[in-house]
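> The structure under discussion is supplied below as structure tokens; questions concerning it will follow.
The values are calculated or read from the model by the stated rules, or taken from the named source; none is laboratory data. All figures in this text were calculated on a predicted structure; none of them were measured in a lab. Neighbour counts are summed over all protein chains in view; Cβ atoms, including those assigned to glycine, are modelled from backbone coordinates with ideal geometry.
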């Protein structure tokens, strides 16, 4: 199994990228939008933690910026009827800490907002996920990020979170700040929420 790829970023698209290794082999790596947004410029060196998924008609390589994301992708794949595309969509919507958080809270409504996952599927996924992550969820000192709003506010929240990820901010840093923004202004749009969040980040670093 290919666990890590390091080389030159040759191409980056909406769903995958191509990395040319020093051995002259170019690998196409499928990845979530936040991962692709976190890559360097084309022509620069990059490294991705990877997992190989073998099916009857395909052999695909999935990439992640951190080993933690790769591990959780494997956990999601171990859940019945949850294939790699949906697992990647879940990780695109929720970072590692947020994924543990929705599992601990059994946030069916939140998980059901992921494309291709309905309420019934979300219930089963969370049931399995909570069991598989029980040692992490209930471990002392495990961080608990703020929950995401639901409904239209939840959609704006996720858009804002994705936008900040595209700017290079980590989920665990911006999610609690966004939760504060939406708590103060539930009707705020994603663009305005990003601006307020950036102001909070700047103020905390001043």
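> Would you check if residue 92 is without any contact (Cβ under 8 Å) to a residue 24 or more places away in the chain, surrounded by 13 or more Cβ atoms within 10 Å (Cβ to Cβ) and outside the structural domain of residue 23 (by TED's automatic domain parsing)?
Answer is no for this residue.
> Just name the residue that is surrounded by the most Cβ atoms within 10 Å (Cβ to Cβ) out of those in segment 113-129 that are under 20 Å from residue 74 (Cα atoms) and at pLDDT below 90.
If we take residues in segment 113-129 being under 20 Å from residue 74 (Cα atoms) and at pLDDT below 90, then 114 is surrounded by the most Cβ atoms within 10 Å (Cβ to Cβ).
> Residue 14 passes all but one of (1) crowded, with 18+ Cβ neighbours inside 10 Å; (2) outside the structural domain of residue 122 (by TED's automatic domain parsing); which number fails?
(1)
> So, one more: Residues of segment 166-206 being in contact with a helix residue (DSSP H, G or I) (Cβ under 7 Å, 6 or more places away or on another chain), farther than 20 Å from residue 102 by Cβ and at pLDDT below 80, which ones?
The answer is 166, and nothing else.
> Determine the pairs where a residue that is assigned by TED's automatic domain parsing to the domain that holds residue 157 and within 14 Å of residue 161 (Cβ to Cβ), located within segment 181-197, has a partner that is part of a loop (DSSP other than H, G, I, E, B) and at pLDDT below 85 with Cβ atoms under 6 Å apart, the partner being 6 or more residues away or on another chain.
Taking only residues 6 or more apart or on different chains, the pairs are 182/149.
> Let me ask another. Out of 3, 37, which single residue is under 18 Å from the mean Cα position of the chain (by Cα) and closer than 21 Å to residue 96 by Cα? Step through it out loud before you land on a result.
Numbers: 3 fails: under 18 Å from the mean Cα position of the chain (by Cα).
Just a single option satisfies the conditions, and that option is 37.
> Out of all the residues in segment 95-137, which are part of a loop (DSSP other than H, G, I, E, B) and touching a residue at least 24 places away in the same chain (Cβ under 8 Å)?
Once the filter is applied, which keeps residues that are part of a loop (DSSP other than H, G, I, E, B) and touching a residue at least 24 places away in the same chain (Cβ under 8 Å), segment 95-137 yields 95, 106, 107, 113, 114, 115, 116, 117, 133.
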